[in-house]
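Each remark here refers to the structure printed beneath this line.
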Amino acid sequence: MIYNTSEELATRLDSEDPLVRYRSEFHLPLQSNGTPYIYLCGNSLGLQPKSTEAAIKQELSDWQKLGVEGHFHAKNPWLPYHEFLTQAMAKVVGAKPEEVVVMNTLTVNLHLMMISFYQPTTSRNKILIESDAFPSDRYATESQIKMRGFDPETSLLELKPRAGEVCLREEDIEATIEEYGDEIALIMLGNTNYYTGQYYDIHKITKWGHRKGCRVGFDCAHGAGNIHLQLHDSGCDFAVWCNYKYLNAGPGGMGGAFVHERHHHDKTLDRLTGWWGHNKETRFKMRDGFDPIPTTEAWQLSNPPIMAMASVWASLKIFDEVGMPSLREKAIKLTSYLEYLVNTLGEKVINIVTPSDVNQRGSQLSIQMKNANKSLYDYITQQGVIADWREPDVIRVAPVALYNSYTDVYNFYKILKEGIEANTSI
Ligand SMILES: *Cc1c(COP(=O)(O)O)cnc(C)c1O
């Protein structure tokens, strides 16, 4: 595709966009003058599908009318409710339905997974993470290390970019696993880095980790609903994600977990248990010893919050209809168009730190503003852009294939350009 900086091109790309109608299925936040914001923050909090309200109201209404009977007689009975989401969730992350479950929130799920898959010994007790891992992931891994009687100073191993670089190089990830693999109990990486937007190849990392006898898990917070993940085929041991970023489940919405099927019958795994992970046939007898469901459901603890599940389900229905392949196809185009436009501003003023290789990124671009300060970001915000500023000088933007248009991207570029030109400090 050959791009140019004309507004006509944005209009044409929108008119040719096969997913264009999905924009109207979302609530776009409005400015005080009634026009929608240019919302480029779906990597942080996805927008609300218009269908969400009715989905939650359905459950409120069934609760009003049925009380406890809703477990069996609600339109969508609450007892098996989580099962209604499984098929669509599995499709989004490229897994078998038995391998995924919607439950809890991300960091909780990460802990549940580490209880099972971080089994340190005196000779193999390290967890490998990214040096700029999301803070919650760092706290979670550190606390797991301490709980098992080890010291994060020595047991937390960090993958650092080379001096003067921001992204990790694949060959360096491989070399670190090769060098320290015998001491690594668990490799736990964000599969798409929240800061740089860099996507790490989960297939290769899993292969390198397993070759050295490490367990491998991924935090897919920025991957789920963004990258066309193939969790099952990657062979990784587990993955966790939240559903409120690209998956539009709403603030604090429920997360997801994947456990590869090869672990489903392993009764020797350590696990925190609760009644919702117990064999469904005998769950209500409440007498038997714990009998894990031979699927990822075995990691469920409690009966789930139905209103929160309804919200995830409403969004998953849209993903199910569109399918990740078409979403990804548009995302690549939309992000490449954004990259083209931003790069025309010149390397003296901007530097996109996200890899330029489309196979190493999703929808997000992290744009370093050289010599700029937050006033530039404040300016674009005033002009109706919702993006994200990371100190000291990075603007993160994510055009989301489901509801962002090429015109959104164009208007963002125009406002950014005006902001740069108006700012005499550059
Ligand atoms: C968003 C995000 C989280 C958030 O964790 P919650 O438990 O959902 O609050 C954690 N890790 C990463 C990498 C994230 O991007």
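Every number here is computed from the coordinates shown, using simple stated rules; none is lab data. Every value quoted in this text rests on a predicted model; they were computed, and no experiment measured them. Cβ: placed from backbone, ideal geometry, glycine included. Neighbour counts: every protein chain shown.
Tabulated results
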| read-out | value |
| --- | --- |
| The stretch 92-151-the stretch 241-287 distance, computed between alpha-carbon centres (Å) | 14 Å |
| Net charge contributed by nearby residues that have their C-beta within less than 13 Å of Pro97 (K/R +1, D/E -1) | -4 |
| For Pro161, net neighbour charge (Lys/Arg +1, Asp/Glu -1) across residues whose Cβ lies under 11 Å away | -2 |
| Largest-first principal axis extents of the Cα set of the chain (Å) | 71, 60, 34 |
| Cleavage-rule hits (chymotrypsin sites (Phe, Trp or Tyr not before Pro)) in the stretch 276-335: DSSP loop, at most 15 neighbouring Cβ within 10 angstrom | Phe290 |
| For the stretch 326-420, share of DSSP beta bridges that run antiparallel, in % to the nearest 5 | 100 percent |
| Förster radius 45 Å - calculated FRET efficiency between Val358 and Gln64 (Cβ-Cβ, nearest 0.05) | 0.40 |
| Beta bridges by DSSP in the stretch 80-321, antiparallel share as percent, to the nearest 5 | 40 percent |
| Extension gain (nm, one decimal) between Lys91 and Arg287, 0.36 nm per residue minus Cα-Cα | 67.0 nm |
| Nearest 10 degrees, 0 to 90: helix 83-93 Cα axis against the chain principal axis | 50 degrees |
| Label-point gap, in nm, between Ser131 and Asn373 - each point 7 angstrom along Cα→Cβ | 2.8 nm |
| Residue list for the stretch 85-104, given a label point 7 angstrom along the Cα-to-Cβ vector of Arg262 and an amide N cut-off under 16 Å | 96, 99 |
| Distance between the stretch 377-426 and the stretch 1-78 - C-alpha centres, whole angstrom | 22 Å |
| Förster-model FRET efficiency, 60 Å R0, Glu153 and Asn33, C-beta, rounded to 0.05 | 0.65 |
| Calculated FRET value between Leu79 and Glu170, using beta carbons and R₀ = 51 Å, to 0.05 | 0.65 |
| Antiparallel DSSP beta bridges within the chain, percent to nearest 5 | 55 percent |
| Cα Rg over Rh - the stretch 80-321, Kirkwood | 0.96 |
| Debye intensity ratio in log₁₀ form over the Cα atoms of the stretch 33-183, taken at each q of 0.10 Å⁻¹ | -0.63 |
| Potential extension, Lys280-Glu7 segment - 0.36 nm per residue separation minus Cα distance | 92.5 nm |
| Tilt relative to the chain, helix 202-211 - C-alpha long axis, 0 to 90 degrees, to 10 | 50 degrees |
| GNM top mover of Glu261, Glu281, Glu321 - the chain, alpha-carbon springs below 10 Å | Glu281 |
| Spatial extent of the stretch 241-393: Rg and Dmax, with the Cα atoms as the point set, Å | 22.3, 70 |
